[in-house]
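J.: Please see the structure below; I have some questions.
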Amino acid sequence: MFTETPCPFCSPADEAIVFRNLLCYARHDRFPISEGHLLIVPFRHEADFFSLTPDERAAALDWSGRPDSSWTPSSTQMVIMSA
């Protein structure tokens, strides 16, 4: 019998959220691959990044809501993970 596992991203604690906009939020990764590593998570579930609406994709790439101007990662990498 299949038992659905609760999504670890659906109900983040407020203190875990670094910044948010209307369609997604950013949080620190529990197992970062580099300093400053963040996860950008859409509020709506989809199989992959390319299944998001154009507005959701734009929101995920919009860094204007970052916490402050001192947060400037040395590089930006995008890893697309599917469910």
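J.: Report whether or not Ala26 is touching a Phe, Trp or Tyr at 6+ places or on another chain (Cβ under 7 Å) and at pLDDT 85 or above. Outline the logic, then answer.
T.: Working: touching a Phe, Trp or Tyr at 6+ places or on another chain (Cβ under 7 Å): yes; at pLDDT 85 or above: yes.
Judged against the criteria, Ala26 is a match.
J.: Answer yes or no: is there a residue in region 60-81 that is at pLDDT 85 or above and assigned to a loop (DSSP other than H, G, I, E, B).
T.: no
The values are calculated or read from the model by the stated rules, or taken from the named source; none is laboratory data. Model, not experiment: these values are computed from the prediction. Please note: Cβ atoms are built from the backbone with ideal geometry, for glycine as well, and neighbour counts cover all protein chains shown.
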